[in-house]
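Here is the structure we will look at, set down as structure tokens.
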Amino acid sequence: MTPLVDVENIRFSYEVTPVIDGVSLRVDSGEILGVIGPNSAGKTTLLRLLSKVVVPQWGTIRLAGRDLAGLRRPDLARVVAVVPQDVSLAFPFTVREFVLMGRYPHSPGRFFEGPADLVAAEEALETAEVAGLAEKPIHSLSGGERQRVLVARALAQRPSLLLMDEPNAHLDLHHQVDLVRLIRRLNLEEGTTVVLVSHDLNLAAELADRLLLLHQGRVVHIGKPEEVLEPDLLASVYQCPLEVGRGSNGRRWVQIKWSEGR
């Protein structure tokens, strides 16, 4: 079976030192892959490579068997959507206008949205629970509200592959729970494949079928959460003592092992 994402020995550097160095991985259709690792591990750069924001200087990325290098960006955007950590806007777009931008890849030759675009945008607003903010300018929103609007814009694209960079950033606990439920629903009901970058090891372990642990641009380990979330392995990468346990649902949890007296 052809994987949805097939990355073969890619290398990429912004200057001299490689940020991604010999990374290979496969993501099957319908899978949730969590990408974890310390700062400067190459996590966000990996998402930028998968979305063709940057291109590898060595190696190959295939999407559903097609070389990413040969795909036009509008064609890619009909399949792949990105939820970044934040977005900067030069104009005071409303939430609805911003979410409708997610429909552009489906009609790049038109200046105005059609009925199907309006329906897709409204459904995305409802799904991300930001329909009540539709007429508000984005710059007036809180960080958590903006994050959910970013999710809505990605959903309006109706992608097969959803790339999420710290999607729980700025979210309070209530909305983090809602986000987990949303990702699971998209995955189970829509079959959406998700690649999720997160500093929150517990969130990644809760959501992901497999985890990819990166360090200095290289793959340290990839496997099921219980295989990757090993105390010695994590401590060697994060350079701090960590405690790993197992919850009632069988999933692992991770916390810092504070020294006595703290």
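The values are calculated or read from the model by the stated rules, or taken from the named source; none is laboratory data. Since this is a predicted model, take the numbers as computed values, not measurements. Cβ coordinates were reconstructed from backbone atoms using ideal geometry, including for glycine residues, and neighbour counts include every protein chain displayed.
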Q) Under the condition of being over 27 Å from residue 18 (Cα atoms) and of a type in the set (Ser, Thr, Tyr), which residue from the range 217-262 is modelled with the highest pLDDT? A) 248
Q.
One residue is enough: does the range 87-110 have a residue meeting the conditions among the polar types (S, T, N, Q), touching a residue at least 40 places away in the same chain (Cβ under 8 Å) and part of a helix (DSSP H, G or I)?
A. no
Q. Does any residue of the range 233-255 turn out to be surrounded by 15 or more Cβ atoms within 10 Å (Cβ to Cβ) and more than 19 Å from residue 37 (Cβ to Cβ)?
A. yes
Q: Being more than 27 Å from residue 116 (Cβ to Cβ) and without any contact (Cβ under 8 Å) to a residue 40 or more places away in the chain is the filter here, so list the residues in the range 69-86 that pass it.
A: 69, 70
Q. Within the range 165-172, is even one residue buried (at least 21 other Cβ atoms within 10 Å of the Cβ), touching a helix residue (DSSP H, G or I) at 6+ places or on another chain (Cβ under 9 Å) and among the small types (Gly, Ala, Ser)?
A. no
Q) If you take the residues of the range 170-186 that are among the aliphatic types (A, V, I, L, M) and over 17 Å from residue 81 (Cβ atoms), which of them is modelled with the lowest pLDDT? A) 171
Q | Selection count where residues are assigned to a loop (DSSP other than H, G, I, E, B) and under 22 Å from residue 150 (Cβ atoms), scope the range 179-228 | A | 7
Q: Kindly indicate which of 217, 250, 223 is farther than 16 Å from residue 162 by Cβ and either in contact with an Asp or Glu (Cβ under 6 Å, 6 or more places away or on another chain) or among the polar types (S, T, N, Q) (or both).
A: 217
Q.
Please verify whether residue 59 is modelled with pLDDT of 95 or more and of a type in the set (Gly, Ala, Ser), treating the condition exactly as stated.
A. yes
Q: Please give the number of the condition residue 40 fails out of (1) under 26 Å from residue 240 (Cβ atoms); (2) at pLDDT 95 or above; (3) part of a loop (DSSP other than H, G, I, E, B).
A: (2)
Q | Qualifying position, being crowded, with 18+ Cβ neighbours inside 10 Å, modelled with pLDDT of 95 or more and closer than 14 Å to residue 158 by Cβ, among 77, 120, 81 | A | 81
Q: Consider residue 214 carefully, then state whether it is under 30 Å from residue 15 (Cβ atoms) and at pLDDT 90 or above.
A: yes
Q: State yes or no: is residue 148 basic (Lys, Arg), free of Cβ contacts under 8 Å to residues at least 60 places away in the same chain, surrounded by fewer than 23 Cβ atoms within 10 Å (Cβ to Cβ) and assigned to a helix (DSSP H, G or I)?
A: no
